[in-house]
Amino acid sequence: MRRGLLSLAWGSAQASASLTLASAAWLVSGLTASPLINSLLPVLATAAALMPLPQQPLLGSLLQLLATLLLLAIGLHGQNLDPATATASATGAASAAVGGGVVLPLALALLAVLLFGLGLQIGQLPLQRFLVGVQGISMRRLRSGSELGALLGHLLTALLFPIGKAVLQFSQALVLLLPLLPAALLSRRPGRRHLPPRSGPDLASAGSSTALTASAVAASTAVAAAAGANPGGGVSLNWRCCLQGVLFGSLFGLLPLWVRQLGGGSCFDFGMVLTAYGLGRLLAAAGPAGSLPSPPALVATAALAGPWRLHPARGGLPYLLLAFTLAATQWLPGWGSLVLFLPMGGLAALSDARLVATLDTHPDDSATDEPLRWQILARSSGVGALAGSLLMGGTAQLLGLPLALPLQVLAFAAAAVPLSLAGRRRGLA
């Protein structure tokens, strides 16, 4: 029962995060039509991945609350904002309107996104370790909760804006964030942050009401070992994960602007695009393809396949399919293009699982620390997304927004080659 409530609280927090960031992206795209400025939003959200930060779940949750409150205040201010001013900001005409125009709300919105990203980076890994290693929740269950929560957040982005605009979106995000606060407080209790390394039989006979499954036993042991070896919570980078982050960062960095400027869509359309993408990820994670094979099994499979075949966990086919699907969104009108984001989400989830399955976490811990491996993916993808978003934003600023989408299609197709190489499983410290 307790594990079920904690899983729901985790999913609720993920819904809050996706609702907050998606609503902030739409808010910024309404304040300025500059591709470069819009591309700063995912940069600020992921900039925390480059910083050596303490791992404090309560502090992370409080920073997210503060950022959401700031965005809520901007939403309240935006109800009295002259829409013509936002249009002028695209050409720089509103640069002198500090305080009464859009420059101050825009700067505060970017600051809020930075604070929210800091909160996520500070709190996610220790909370995952606490839920998996101490409470006995499987990593697969947390992943499913994350995908379902993100799906709910994106759906709320679409449904709440027509009713109450940004004010209702950010106020609901606050409510969804609150249930995880007790878990953040519980994880700070002395002796409860991490389980000491214990053998499987000892745990099985502990007589606890929250008995762990076999997979959770292995995960909790690895979590404790990783925590002892790396108390600062530092996470290495992996170049393949970084490259994938470049692709998705450049895509989603300008997605609100594409929907608003090129498609003439509303926040409802933007939210439904994200919902379709999230539903695809959820379905892929729930199916057999979303299962996370062990790294030794992948290495054995690669050895049997021989040196002339593509590594099974690094095939470039998903990226070629993503390029084709993204191009097809321009061929189909209306809801047809929206539906194509469903397989795009599934392909993205599949590529995530394949990358994570090949990661080494630490020379001494046999790569069974699933939270840490997913954190390596998140951090590496965040660093790549930072570069990809800035690159695509600057390119669109120079060449025009309509040319950005064909360049994005070419980027996905070109990345299929390096991401399909077998190579050695090695992270970049």
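Just wondering, is there one or more residues in the range 69-87 that are buried (at least 17 other Cβ atoms within 10 Å of the Cβ), within 19 Å of the chain's Cα centre (by Cα) and at pLDDT 90 or above?
No, the range 69-87 contains no residue that is buried (at least 17 other Cβ atoms within 10 Å of the Cβ), within 19 Å of the chain's Cα centre (by Cα) and at pLDDT 90 or above.
Of everything in the range 130-140 that's in a helix (DSSP H, G or I), at pLDDT below 80 and under 16 Å from R373 (Cβ atoms), which residue is most open to solvent (accessible area, probe 1.4 Å)?
R140
Go through A413, A387, A396 for me and flag whichever is in a helix (DSSP H, G or I), buried (at least 23 other Cβ atoms within 10 Å of the Cβ) and touching a helix residue (DSSP H, G or I) at 6+ places or on another chain (Cβ under 6 Å).
On inspection, the qualifying residue turns out to be A396.
Which pairs do you get when a residue that is at pLDDT below 90, found in the range 145-156, comes within reach of a residue that is open to solvent by less than 30 Å² (accessible area, probe 1.4 Å) and not in a helix (DSSP H, G or I), reach meaning Cβ atoms under 9 angstrom, with the pair 6+ apart or on two chains?
Final answer for the pair search is G145/I137.
Taking the range 1-33, which residues are polar (S, T, N, Q) and either open to solvent by 10 Å² or more (accessible area, probe 1.4 Å) or free of Cβ contacts under 8 Å to residues at least 60 places away in the same chain (or both)?
Scanning the range 1-33 gives S7, S12, Q14, S18.
Which of the residues that make up the range 43-55 are out of contact with any Leu (no Cβ under 7 Å at 6 or more places or on another chain) and at pLDDT 85 or above?
If the condition is that a residue be out of contact with any Leu (no Cβ under 7 Å at 6 or more places or on another chain) and at pLDDT 85 or above, then no residue fits.
Out of the range 321-342, which residues are assigned to a helix (DSSP H, G or I) and out of contact with any helix residue (DSSP H, G or I) (no Cβ under 6 Å at 6 or more places or on another chain)?
Scanning the range 321-342 gives F324, A328, W335, G336, S337, V339.
Working only within the range 253-270, note down all residues that are in a loop (DSSP other than H, G, I, E, B) and surrounded by 15 or more Cβ atoms within 10 Å (Cβ to Cβ).
Across the range 253-270, the qualifying residues are L254, G263, G265, S266.
Go over the candidates P312, P295, P318, P288 one by one and state the one that is modelled with pLDDT under 70, farther than 30 Å from A166 by Cα and open to solvent by less than 20 Å² (accessible area, probe 1.4 Å).
Unique residue meeting the criteria: P295.
The values are calculated or read from the model by the stated rules, or taken from the named source; none is laboratory data. Since this is a predicted model, take the numbers as computed values, not measurements. Note: ideal-geometry Cβ built from the backbone for every residue, glycine included; neighbour counts use all protein chains shown. With ligands, DNA and RNA removed, areas are computed over all heavy atoms of the protein, side chains included. Shrake-Rupley method; radii C 1.70, N 1.55, O 1.52, S 1.80 Å.
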